[in-house]
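First comes the structure, then the notes that go with it.
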Amino acid sequence: MALDPTTHSNYLDISTKHVHFDWKILWGEKKFVGSATHDLVVHKDGVGHVIFDTSYLNITDVKIGHKSTKFALGERHPVVGSPLTVYFPSTLSKGDTIKVTIDYNTTGQGTAVGWLDKEQTAGKHFPYLFSQCQPIYARCMAPLQDTPSLKITYSSRVTSVLPVLMSALRLSPPAEEVHGGKEVGKDEVTYEYNQPVAIPSYIIAIASGNVVYKPFSSSSVAGQATEPVKWKTGLWTEPEVIDAAYWEFEKDTARYVHEAEKIITPYDFGVYDLLVLPPSFPYGGMENSCLTFVTPSKSSSIWGTLLAGDRSLVDVVGHEISHSWFGNNVTTADAGHFWLNEGWTTWLERVLQGALHGPAERDFSYIIGRKALDEALKEFQDRPKYQRLLIPFEFGEDPDEAYSSVPYEKGSNFLLYLERLLGGLDVFLPYARDYVRMYRGKSIRTDQWKEHLYQYWSRKENGGGEDKIKTLDSVDWDAWLHGEGLSLPADIPYDTTLANDAYLLAARWNESKNHDISKLDFNHEDLDSFNSNQKVVFLERLATLAGPSSLPPSHIHYLAETYLDAITNTSNPEIRLRFYNFVLAASPDAARKYTPDAAAWLVEKQAPGLKGRMKFCRPIFRAIGKVDMPLARKTFKENEIYFHPIARRLIEKVMPLRCRVRERDD
């Protein structure tokens with residue numbers, strides 16, 4: 001069996017079945033103190049030790065039962081951390097079980113947990129913390145066999161003076177009872193959680209701060225269900241933003257879960273809650289089991305990247321919900337097969353969009369995603385192995401180096417290609433259900449997925465047979481899975497119904513560069529009938545048509561002024577991202593005018609709530625650096641403390657000339 005190249009652990013010899021965390025949060029020192037107790041199962045004879053992954057943890061004692069035992073913390077690797085080897089008093093045999101308790105505390109050098117001062121929150125009264133363990137950062141929070149090849153259950157007792165949330169079922173105190181009825185920020189309360197569904201370590205998650213809960217109503221879907229709804233859903237966030245966040249997400253969250261259950265299989269995790277975080281969370285969403293993290297929050301006139309005020313960006317919830325089946329349930333065995341998580345999830349997200357909003361909406365999402373794919377493929381021209389779906393990672397290689405739209409978009413386009421090749425969505429959905437049932441609760445690699453695909457379509461009762469196998473044999477598997485380059489192995493047409501008006505407007509603007517600005521007749525009403533996604537497509541199409549030469553500076557300024565409210569100063573970050581991508585790639589004279597605005601936008605001086613999300617920060621820091629490197633460096637240096645550690649490290653890497661404000665090796 002292939003080993004995950006991102007772990008030190010000997011999980012094939014002996015592995016954790018269940019882990020219990022007993023933590024106390026020391027807010028003043030910004031660390032956890034406590035223990036992790038592992039229930040381990042032996043898989044072969046003669047095992048005399050277990051190896052855990054750690055990163056910047058201070059190990060104080062290790063016990064088997066109640067007796068201390070010998071352990072050794074190995075030399076630190078800059079990416080995969082330090083192996084913790086625990087030695088047993090005698091060798092164990094296949095099928096044996098053993099309990100190991102590790103006493104430890106976290107340190108300030110770890111990347112898993114972001115600690116926010118009270119000034120960085122919406123309420124500005126209490127500090128805040130949140131974790132981000134994907135892809136390999138759970139080892140910064142606890143000693144674990146930190147590989148998605150291994151799925152474990154967990155439980156926890158966490159003591160804190162602020163409310164605690166985890167990616168598990170809450171046992172006590174009740175969600176509706178804020179901080180167990182004690183005084184927030186003053187009294188210690190112990191929170192208990194249990195996760196009975198085995199999950200990969202990267203979705204073990206914690207958050208703590210002044211958060212409150214408000215349940216979503218599932219009554220809108222319960223009446224449509226063929227069986228009673230067996231899950232509940234609700235929202236957590238700071239009190240200051242609960243109303244705005246609730247309005248944004250209440251309408252569609254339960255509908256997405258219910259629709260996904262109808263399309264695939266029943267939802268396994270019992271609870272689907274959202275936590276709307278402060279703005280420095282580095283991703284738009286993270287599919288932590290039972291508790292999706294989304295970012296950021298909104299307070300009064302402060303707009304975040306998902307709280308656009310028009311529900312236009314909540315489809316990210318559809319993506320994170322889809323991870324409940326692809327990622328949290330059927331899981332990639334290692335980072336090289338990451339597309340199995342993200343390609344399938346993006347495919348299901350868009351199936352949900354089609355079911356709820358119409359087939360054209362599904363294809364429209366592929367159109368938007370295709371632009372992101374093209375940009376990602378270009379970004380990796382000098383590292384072409386990251387253009388592949390299957391990435392041959394070597395031991396110690398950082399999977400974050402390959403993080404991009406490729407597994408999402410190339411993967412989902414591959415599945416769309418197969419869907420159409422095999423007969424369309426109606427015949428592909430039963431296959432998708434069978435795939436989930438086959439590998440439910442397991443971690444797999446691409447060869448296992450492909451083997452099941454062939455097996456399913458070979459069976460006549462599934463509508464398969466010799467013709468379907470011939471169809472699958474016609475697929476250029478090597479090109480799809482291992483191919484490099486800037487294009488997909490096959491042409492995939494999309495329904496452009498929702499994009500046509502945006503395409504026409506972009507063509508008019510592109511043609512306008514041949515005319516004097518005084519003769520142009522554009523006005524703000526051009527975009528009145530466009531929704532947010534159509535504005536995104538307009539800007540992306542214009543950037544493609546105009547090419548490297550772009551529009552003349554005079555025309556760019558005219559566009560910015562004409563569409564001031566709809567594009568230039570919009571609170572919707574997806575639109576602003578495309579606007580800055582377009583203008584910063586224009587001529588130096590045009591680009592220099594907008595770099596100060598772009599820099600201010602990144603660090604909240606214009607639009608508080610953006611700072612932190614890498615989807616926006618990485619490309620715009622890169623673009624600013626190409627125009628004005630001193631401004632890029634100054635902006636980052638002055639605001640570095642506000643970015644999550646993961647975001648800081650990756651933003652530093654994308655800036656031209658490898659601008660590094662300070663050296664680090666975590």
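Structural remarks
- Positions within the range 321-361 being open to solvent by 10 Å² or more (accessible area, probe 1.4 Å), in a helix (DSSP H, G or I) and under 22 Å from E401 (Cα atoms), in sequence order: A335, H337
- If the condition is being under 24 Å from H337 (Cα atoms), open to solvent by 30 Å² or more (accessible area, probe 1.4 Å), in a loop (DSSP other than H, G, I, E, B) and not hydrophobic (A, V, I, L, M, F, W, C), then the range 453-492 contributes S474, D476, E484, S487, P489, D491.
- Condition check for I367 on (1) modelled with pLDDT of 95 or more; (2) assigned to a loop (DSSP other than H, G, I, E, B); (3) aliphatic (A, V, I, L, M): one failure, at (2).
- Filter pass, S404 being under 30 Å from S55 (Cα atoms), touching a residue at least 12 places away in the same chain (Cβ under 8 Å) and surrounded by 14 or more Cβ atoms within 10 Å (Cβ to Cβ): yes
- Picking from residues in the range 602-617 that are among the basic types (K, R) and either modelled with pLDDT under 70 or farther than 15 Å from Y642 by Cα (or both), the one that is least open to solvent (accessible area, probe 1.4 Å) is K611.
- Filter result (charged (D, E, K, R), part of a strand (DSSP E or B) and surrounded by fewer than 13 Cβ atoms within 10 Å (Cβ to Cβ)) within the range 41-69: D61, K67
- Any hit, the range 290-312, residues being at pLDDT below 70, farther than 19 Å from Q132 by Cα, of a type in the set (A, V, I, L, M, F, W, C) and open to solvent by less than 20 Å² (accessible area, probe 1.4 Å): yes
- Search result, residues across the range 165-183 that are assigned to a loop (DSSP other than H, G, I, E, B) and open to solvent by 30 Å² or more (accessible area, probe 1.4 Å): P174, E176, E177, K182, E183
- Positions within the range 126-164 being in a loop (DSSP other than H, G, I, E, B) and among the charged types (D, E, K, R), in sequence order: D146
For every residue, the table says whether it meets (1) of a type in the set (D, E); (2) exposed (fewer than 15 other Cβ atoms within 10 Å of the Cβ); (3) not in a helix (DSSP H, G or I).
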| residue | (1), (2), (3) |
| --- | --- |
| D501 | yes, no, no |
| L504 | no, yes, no |
| K535 | no, no, no |
| F538 | no, no, no |
| A543 | no, no, no |
| S571 | no, no, yes |
| F582 | no, no, no |
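- Residue within the range 28-40 that is closer than 29 Å to E192 by Cβ, open to solvent by 10 Å² or more (accessible area, probe 1.4 Å), out of contact with any Ser or Thr (no Cβ under 9 Å at 6 or more places or on another chain) and modelled with pLDDT of 95 or more present: yes
- Answer residue from the range 1-27, given it is more than 18 Å from D103 (Cβ to Cβ) and of a type in the set (A, V, I, L, M) and is surrounded by the most Cβ atoms within 10 Å (Cβ to Cβ) among those: I14
- The set of residues in the range 76-125 that are part of a loop (DSSP other than H, G, I, E, B) and in contact with a Phe, Trp or Tyr (Cβ under 9 Å, 6 or more places away or on another chain) comprises R76, V80, T107, G108, Q109, G110, T111, A112, D117, T121.
- Any hit, the range 425-442, residues being free of Cβ contacts under 8 Å to residues at least 12 places away in the same chain and of a type outside the set (F, W, Y): yes
- Flag for L274 being open to solvent by less than 10 Å² (accessible area, probe 1.4 Å), at pLDDT below 95, in contact with a helix residue (DSSP H, G or I) (Cβ under 8 Å, 6 or more places away or on another chain) and not β-branched (V, I, T): no
The values are calculated or read from the model by the stated rules, or taken from the named source; none is laboratory data. Keep in mind that what you see is a predicted model, and the values were worked out from it rather than measured. Ideal geometry is used to build each Cβ from the backbone, glycine not excepted, and the neighbour counts take in all protein chains shown. For accessibility, only protein heavy atoms count, side chains too; no ligands or nucleic acids. Shrake-Rupley method; radii C 1.70, N 1.55, O 1.52, S 1.80 Å.
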